[in-house]
Amino acid sequence: MFNKKTIFKGDKKGFTLIELLIAIAIIAVLASIAAAAVQYARGQAKIARAQSDIAEIYKAMQTLSNDTGAWPGNQTADAINLTNGNEICGACTVGLNDPAAGLQSTDGSFENWSGPYMNEVPLDPWGNEYFFDTDYRVSADNKPCPSGTCFDAVSVGSYGPDGTGNNLYNEDDIIKVILK
C-alpha cells in the first residue's frame, strides 16, 4: 500500500494562484496591444485602398476630359465651378456611377464620348460613394479646410471613415486635388 510520505515526496510541482493570475494578466495586455495594432493596420489599409480608388477615378476623369473636353457632370474641364449643386456624390442629385457623370455610361450630353472609362465606380472602404467637387475647400497644403484660410479647388475623394460630406469638410476626408 501507499503511504502519504511516498505520494507527496519531494518538491510540489505546479503554479500558485498568484502566478497563474499574473500570467493571465500578461497575456491579456499582450492581446490588447495586438488587437490595437491590427485595428490600426486595418485603418491604414482602408486609407490606402481609398487613395488607390481615387487615383483610378482620376485617371478615368482625365480620359473623359481628353475625349470630351468635360469633367463628370459635363462640367468645364480645368475650371473651378462655384455654381451651387456642382458636386457629384452619393448624397447629390448625380453620383459618379450615373450616366450624367459620364464615367461609366453617358446620358448623351458628352460630345465625342468613347467610354466607358470605368466599369463601375466602387464604394469607398467605409461603404460610401466617392465624390467629385469643383469648389472643394482646401488649405494651402491641399488638406481639407473646414475653416480658416481656405482656397477653392477641384477635388475627387472620399468623405473618409466618418462619411460626413457634401460641403461638410473635415480632416478625415481623403482627397486628390486636381486644380487649385
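The values are calculated or read from the model by the stated rules, or taken from the named source; none is laboratory data. Because the structure is predicted, anything quoted here is derived from the model rather than measured. Glycine also receives a Cβ, built like all others from the backbone with ideal geometry; neighbour counts cover every protein chain displayed.
For Gln62, only one of the following conditions fails: (1) of a type outside the set (Lys, Arg); (2) outside any helix (DSSP H, G or I); (3) over 12 Å from Val121 (Cα atoms). What is its number? Going through (1) of a type outside the set (Lys, Arg); (2) outside any helix (DSSP H, G or I); (3) over 12 Å from Val121 (Cα atoms) one by one, Gln62 breaks only (2). Looking across segment 154-179 at every residue that is surrounded by fewer than 20 Cβ atoms within 10 Å (Cβ to Cβ) and without any contact (Cβ under 8 Å) to a residue 60 or more places away in the chain, the one that is farthest from Lys46 (Cα to Cα) is identified as Leu168. Being more than 19 Å from Tyr159 (Cα to Cα), at pLDDT below 90 and more than 25 Å from the chain's Cα centre (by Cα) is a description that applies to Ala79. Would you be able to say whether some residue in segment 116-133 is at positive phi and surrounded by 20 or more Cβ atoms within 10 Å (Cβ to Cβ)? No, the conditions are met nowhere in segment 116-133.
This table checks each residue for (1) at pLDDT below 95; (2) within 21 Å of the chain's Cα centre (by Cα).
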| site | (1), (2) |
| --- | --- |
| Asn3 | yes, no |
| Phe8 | yes, no |
| Asp11 | yes, no |
| Thr16 | yes, no |
| Leu20 | yes, no |
| Val38 | yes, yes |
| Arg42 | yes, yes |
| Ile57 | no, yes |
| Trp71 | yes, no |
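Applying the set (1) in contact (Cβ under 8 Å) with a residue 24 or more places away in the chain; (2) in a loop (DSSP other than H, G, I, E, B); (3) of a type in the set (Ser, Thr, Tyr) to Thr134 leaves exactly one unmet item: (2). Please enumerate the residues belonging to segment 74-85 that are part of a loop (DSSP other than H, G, I, E, B) and either buried (at least 20 other Cβ atoms within 10 Å of the Cβ) or among the hydroxyl-bearing types (Ser, Thr, Tyr) (or both). The answer is Thr83, and nothing else. Among the residues of segment 86-105, is there at least one that is assigned to a loop (DSSP other than H, G, I, E, B), under 25 Å from the mean Cα position of the chain (by Cα), in contact (Cβ under 8 Å) with a residue 12 or more places away in the chain and on the phi > 0 side of the Ramachandran plot? Yes, segment 86-105 has at least one match. Checking the structure you have, find out if any residue of segment 141-153 is among the polar types (S, T, N, Q), over 30 Å from Arg42 (Cα atoms) and either part of a strand (DSSP E or B) or under 20 Å from the mean Cα position of the chain (by Cα) (or both). Taking every residue of segment 141-153 in turn, none turns out to be among the polar types (S, T, N, Q), over 30 Å from Arg42 (Cα atoms) and either part of a strand (DSSP E or B) or under 20 Å from the mean Cα position of the chain (by Cα) (or both).
Taken across segment 46-55, residues that are free of Cβ contacts under 8 Å to residues at least 40 places away in the same chain and of a type in the set (A, V, I, L, M) do occur, with at least one present.
The criterion of being closer than 19 Å to Gln104 by Cα, part of a helix (DSSP H, G or I), under 15 Å from the mean Cα position of the chain (by Cα) and among the aliphatic types (A, V, I, L, M) does not hold for Ile47.
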